[in-house]
Amino acid sequence: MVRAPDYVWTWKLAILVGEFGHWLVLLPLGLAALAGFGPAGAGRLVALALCAVAAAGFLRPACSAWRLGRGLGAGAFSFGRLYVPANPEPATVRTEVFARPEGQELKVDVYGPAQPQGGNPRPCLVVIHGGGWDSGDRTQLAEWNRRFVAQGWAVAAVSYRLAPQAIWPAQRDDVLAAIAWLKANAPRLALDPARLVLLGRSAGGQIATAVGYGARDPAIRGVIALYGPHDMPFAWSVSREDDALNSIKLMRQLFGGAPDTPARLALYESASGQLLARGDSPPTLLVHGAPDTLSWYRHSERLAARLAELGVRHAYVQLPWATHAFDYNPHGPGGQLADFAIARFLADASR
């Protein structure tokens, strides 16, 4: 009903309500049923009214997703899938080392079909994990990777060095090293080195746009960024030490300090997809929740405006109820719409 306050625990509650509210609604419905058998009077009316308000709140995300899905296209959202999800097909996962910077092994998980298939090599989706640049790993949200394999893609979930031990541009360089490794090993991995798409969430979304726009690599056919920041000087200007993530601390760790010197400002700018974008930048899909308390939706909105100004093909899907990491439940209201948008984007990028 209202935006969650800026605390980590309220953010997690917002995910629970936003993406699992269709299950939580059973609680007020059950309480309403009990109240209905109680004695008549003002107390029962108040109880029923409170249960109705709670039920409306829990169902709001699903109803919003249904309305938004009607504009996206047939099959974007299904109430049935909320309760009876379709499990992704099995996939193989092979873990390999793609780089050893400073003696540290960086690994990649390569997902492919469970049954060997002949024919043309698959396009490859390079997945970059989130975690505020100082945490997280390549195993995040693995169910999504199996879902992409079922859509005809190879998936490479990559590692990168974390802050504060490694400052930018180490993260960018690690993703570029992973891309070079995938290209060099493409025949063995049965993937097409000329058809790559980058997908990142949160901090990974920032890395995806910075790499995708900055590399000027024609093999990168598209960039997908979910709830990420894309203009790091702007991110610094709107962050506070008392926000849910202490974003000021995270950026100090990533860049080695504030953007208060020309050299460090240049680092911030080199990590900013919005500042690196050009007219020939890859097509881009942005997905962001409007009440996101960890990464402001304005980051994606401003990048979408910049891409429109440059004439770059792009789509921006804004979810009016969703908070950060809404895709934790791939079958929830946000997960379904993201799944639909990503599938359409990948179908176009694979041509």
Exercise for the section: Could you look through segment 118-174, keep only residues that are within 15 Å of the chain's Cα centre (by Cα) and over 23 Å from residue 220 (Cα atoms), and pick out the one that is surrounded by the fewest Cβ atoms within 10 Å (Cβ to Cβ)? Expected result: 143
Practice task
With a cut-off of at least 2 residues that are modelled with pLDDT of 95 or more, in the same structural domain as residue 248 (by TED's automatic domain parsing) and within 21 Å of residue 342 (Cα to Cα), name the strands (runs of 3 or more DSSP E) lying wholly within segment 76-185.
Solution key: 106-113, 122-128, 154-158
Exercise for the section: May I ask you to list the residues in segment 295-333 that are out of contact with any strand residue (DSSP E or B) (no Cβ under 6 Å at 6 or more places or on another chain), hydroxyl-bearing (Ser, Thr, Tyr) and not in a helix (DSSP H, G or I)? Expected result: 295
Exercise for the section: Select, from 343, 315, the only residue that is in the same structural domain as residue 141 (by TED's automatic domain parsing), without any contact (Cβ under 8 Å) to a residue 40 or more places away in the chain and not aromatic (Phe, Trp, Tyr). Expected result: 315
Problem - Close pairs from segment 21-41: first farther than 22 Å from residue 328 by Cα, partner among the charged types (D, E, K, R) and assigned to a helix (DSSP H, G or I), Cβ under 7 Å, at least 6 apart - result: 35/44; 38/44
Fill in the blank from the handout: Those residues of segment 11-56 that are assigned to a helix (DSSP H, G or I), more than 26 Å from residue 339 (Cβ to Cβ) and not aliphatic (A, V, I, L, M) come to a total of 6
Completion exercise
Subset of segment 310-334, residues over 19 Å from residue 296 (Cα atoms) and crowded, with 24+ Cβ neighbours inside 10 Å, comes to 332, 333
Practice task
State which residue is surrounded by the fewest Cβ atoms within 10 Å (Cβ to Cβ) when the search covers only segment 89-117 and only residues that are under 22 Å from the mean Cα position of the chain (by Cα) and of a type in the set (D, E, K, R).
Solution key: 89
Handout entry: Single unsatisfied condition, residue 181 versus (1) of a type in the set (A, V, I, L, M, F, W, C); (2) without any contact (Cβ under 8 Å) to a residue 40 or more places away in the chain; (3) touching a Phe, Trp or Tyr at 6+ places or on another chain (Cβ under 7 Å)
Key = (2)
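Results for (1) outside the structural domain of residue 130 (by TED's automatic domain parsing); (2) outside any strand (DSSP E or B); (3) more than 20 Å from the chain's Cα centre (by Cα), shown as yes or no for each residue.
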{"site": "198", "(1), (2), (3)": "no, no, no"}
{"site": "205", "(1), (2), (3)": "no, yes, no"}
{"site": "212", "(1), (2), (3)": "no, yes, no"}
{"site": "233", "(1), (2), (3)": "no, yes, yes"}
{"site": "251", "(1), (2), (3)": "no, yes, no"}
{"site": "267", "(1), (2), (3)": "no, yes, yes"}
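The values are calculated or read from the model by the stated rules, or taken from the named source; none is laboratory data. These figures come from a predicted structure and were not determined experimentally. Positions of Cβ are generated from backbone atoms using ideal geometry, with glycine treated the same way; all protein chains shown enter the neighbour counts.
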